[in-house]
1. Beyond 17 Å, what share of the Cα-Cα pairs of the range A:62-138 remains, rounded to the nearest whole percent?
2. Explain nothing, just the number: relative contact order of chain B, from Cα pairs under 8 Å at least 6 residues apart, as a whole percent.
3. My understanding is that a pair violates if its Cα-Cα distance is over 27 Å; which of A:Lys284/A:Lys362; A:Lys250/B:Lys44; A:Lys250/B:Lys101; A:Lys362/B:Lys44; A:Lys76/B:Lys44; A:Lys76/B:Lys101 do that in this structure?
4. State which stretch of chain A is the longest one without any exposed trypsin sites (Lys or Arg not before Pro), exposure meaning a DSSP loop state and at most 12 other Cβ atoms within 10 Å.
5. According to the Kirkwood expression over distinct Cα-Cα pairs, how big is the hydrodynamic radius of the range A:1-145, in Å?
6. A:Leu488 to A:Glu7: FRET efficiency via 1/(1 + (r/R0)^6), r the Cβ-Cβ distance, R0 56 Å, to the nearest 0.05?
7. Could you give the nm distance between label points at A:Asp247 and A:Leu504, where each point is 7 Å from its Cα heading toward the beta carbon?
8. With a ≥ b ≥ c the root eigenvalues of the C-alpha gyration tensor of the range B:5-104, is it rounded (a/c under 1.5), prolate (a/b larger than b/c) or oblate?
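The values are calculated or read from the model by the stated rules, or taken from the named source; none is laboratory data. Predicted model, so just to flag it, every value in this text is computed and none were measured. Neighbour counts run over all protein chains shown; Cβ positions are idealised from the backbone, glycine included. Only protein heavy atoms, including side chains, enter the accessible area calculation; ligands, DNA and RNA are left aside. Shrake-Rupley method; radii C 1.70, N 1.55, O 1.52, S 1.80 Å.
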Amino acid sequence: MIRLSQERAKVLLAVHGWSGVLLGLLLYAVILTGVIAVFADEIGDWSSPLEQETVAPFPVGLDAKLRELATTVDPKYHEDLSIFPRAGGRIEAFFHHHITPEGASQPEDFGVEFKLHPQTLEVLDRREGFGEDIGAFNVSNALADFLVELHVSLHIPDPWGLLVTGMLGLAMMVAAVTGLLVHRHLIKEMFTIRKFREAMLVRRDAHVIAATWNLPFAFILAFTGSFFSFASSMGIPAMAMVAFGGDQVKLIETIVGMPPVENTAAAPIGNLDAMFADARQRAKMEPAFASISHFGRADAQVTVFTRPADGELISHNYVYDGPTGAFVREKPGLGLVPSVGGAAADLMGPLHFGNFAGLLSKAVWFALGFASCYVALTGMLLWTARRAESPAWRRMERAVIWVGFGLPLSLALVPWGYFIGRSRGAMELEAPMAIAFIATALATGLLTILVSEPERLRRFLLAGTGVALIGAPGLRLIADGPGWMSALSAHLSTVPALDVALLLGGVLCLRAAWGRSRVVVPAAQDGDAEEGEVAAS
Amino acid sequence: MPPSAAEKSGPGIARRWSRGILAGPVAFIAAAVVMAGGALWVPKGAASIDNIVLPIVLFPAIWAALFFYTSLDRNLLRAWLVTLGLLVINGGMIAMEFVGKGAAA
């Protein structure tokens, strides 16, 4: 039992409610898109599979192909080469250098990007330009990227989008901590549903149970999420200003680990296939990313990153001497030797993304994230329903239903925009996806104005989401996606698995639309449980 | 939370505004300045990066500590003094660093 004075408990309860109500709608949007973003890799593989499963993301023969491609690009782009697998196992190889565009304060990547077939190593696409501009033409990853970007910055330009999501992370942290402190009988409340009391109390109990069990996870997500948002938008520029006179490149070099002494003499790169094989053997995992600095020079350095092996939390970074291919060291994510700061920063990624134990940890993160959505939505509905005597709060309740049930519908229609755009041959797919998302948001907003009964509105939106989810696999087929039999025979298990998940989700939404209400709180006529409880303390 | 009779009065409203400004924008700015100042006083550690990385990683915790302290301290004047003190000390260290670099250049 947590003992607080009545005055402090009231302050914390007010902070808990207002942090949720003022930022709750946006926070709900960030959590919901984050739940989907957990499966970003799988969404990419589902929406744009190749004809066969990719077994080796860095296949033998990549060494020869990269040497060949290096001869076809301007040597200034040899400064940096990034290699990583994308949707369907396609390999992206980006030869680039760093230039500062006119009017920008920091350098950006500019160069030539190749997209390679992982089995044949055939060049599927070649584009030259700024990394961000090239990304707009990434047809195969467009759906996953759109959803991830919605989670990371709500599609608001940098750094403002990151600052907004960072603030939302802080609000979530406040809601989690105050939620812990205001519920005095925490252990008891983890198991209490007063079934035979008023509907409001039952719903309040359900909110508290879900929130209490979910509390450690919500805190972890909020902390790590606000770290990621603020680190790049505010932390790195501020630290660069204080410690490096504003030079962010120097700061990154310092914290990542200083590059070898400069030697511009020409020297062919060592055997990359052998380096990838060595990293695979050391980590007992496939490489996930490789970075080569000064390709074709005597000071070339190759860094191979692998995901954590079974039973591990932290990924591995192996450094190789470029010309000889000799293993140099395993380095931490940050710095050249283990440190407290490096270890703390290394933990942020796996704790936020839940990708440390493959599909199992992702599924757990998805489920806990879904519970966070439930907590955020029911919390807002409880808060507004308890103040439903006021017309302003009744309007707020409808706005909560609009976002709470309309956003899933808008998100479910994003794949529709993607597949329709792709089947019509569009090369930039952000526009059709944005149109689908915004048009649905506006249409559901109009519906919110027209349908006065909140429960009816909720049912409409749920039914729409059900239809949108059930329709997505069909549209995938129309846009030349593989059928289940051909996908299974090519070991593309992600395709039918996600189809089934969408169909199941759609059926559950339709069932909820026609079933008995479990979530929406009717206009409040019950007492104020939480405030009454605090007042009694 | 419904305001009490005292809080509905003129001084009560001013006090609520003062606390809101302190716990909101002032606490956030103070947390950002403490984070940036940390580059100068946090030990560098084995890899010479802790002074850069730890304040960035711990920024949400620094902000949360300041937010809850400024929201809950009954003595509002003390909360203002502590927060502004942190802001001035860290801001002063950053200013001295810039002055020192300017003089060296």
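1. 43 percent
2. Across chain B, relative contact order equals 32 percent.
3. Violating the 27 Å limit, Cα to Cα: A:Lys362/B:Lys44; A:Lys76/B:Lys44; A:Lys76/B:Lys101.
4. Working: sites that count: A:Arg3, A:Arg194, A:Lys195, A:Lys284, A:Arg424, A:Arg516, A:Arg518.
Value returned for the longest uninterrupted segment is A:4-193.
5. Hydrodynamic radius (Kirkwood, Cα pairs) of the range A:1-145 is 18.7 Å.
6. Once the sixth-power term is evaluated, E becomes 0.35.
7. 5.5 nm
8. Prolate is the answer for the range B:5-104, as a/c is 1.5 or above and a/b outweighs b/c.
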